[in-house]
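Each remark here refers to the structure printed beneath this line.
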Amino acid sequence: MGSYREHALDGASAVDLVVALYDGIVRFLYAAIDAVERGDAEERRAAVKRALDIIIHLQARLRMDVGGRPAQALSEFYASVFAQILQASQSASRPKFEHAIACVRNVRDAWKQVATDPSAQLPSAQILSMPARAQISPASSTTAPESMSSSNWTA
């Protein structure tokens, strides 16, 4: 399955990569929920670590120097979701994980709209520093933002 995911991202746009990264966050948060329900603290921590690694990766790729307000909004979003996930893990709370998932999905859907709506496309290089074939492991198949200069999207 990992090889399939890796090949599925070959030639993907920066926005497609961002969407894939968000999908990875959601997948790992659901794995954390499953671990909470089984009472498996070790698996919960492992899944949370993977989700947080993706968030750190996305935040590290933001280009604050040229991304302006959209980059700042994404940075604040990543910090907020990071904190939500930590709280959810600490309290082993399904509802808190579900809230974090809803937040991530909301922003993921905005990126997906950018990917499918040519009029919403903006130069991704202005928001992120992420090569087309970024350092994405098959287990974390999610994507990197493409553009946001004058979109209607807000964090």
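From the set of residues in segment 43-75 that are charged (D, E, K, R) and either modelled with pLDDT under 95 or outside any helix (DSSP H, G or I) (or both), which is farthest from Gly24 (Cα to Cα)? Checking each candidate, the answer is Asp65. The residues in segment 28-55 that are under 11 Å from Ile85 (Cβ atoms), surrounded by 15 or more Cβ atoms within 10 Å (Cβ to Cβ) and without any contact (Cβ under 8 Å) to a residue 40 or more places away in the chain can be counted, and the count is 4. Does segment 11-23 include one or more residues that are surrounded by fewer than 22 Cβ atoms within 10 Å (Cβ to Cβ), of a type outside the set (D, E, K, R) and in contact with a strand residue (DSSP E or B) (Cβ under 8 Å, 6 or more places away or on another chain)? Yes.
The values are calculated or read from the model by the stated rules, or taken from the named source; none is laboratory data. Bear in mind the structure is a predicted one, so any value in this text is a computation, not a measurement. FYI the Cβ positions are ideal-geometry reconstructions off the backbone, even for glycines, and counts take in every protein chain you see.
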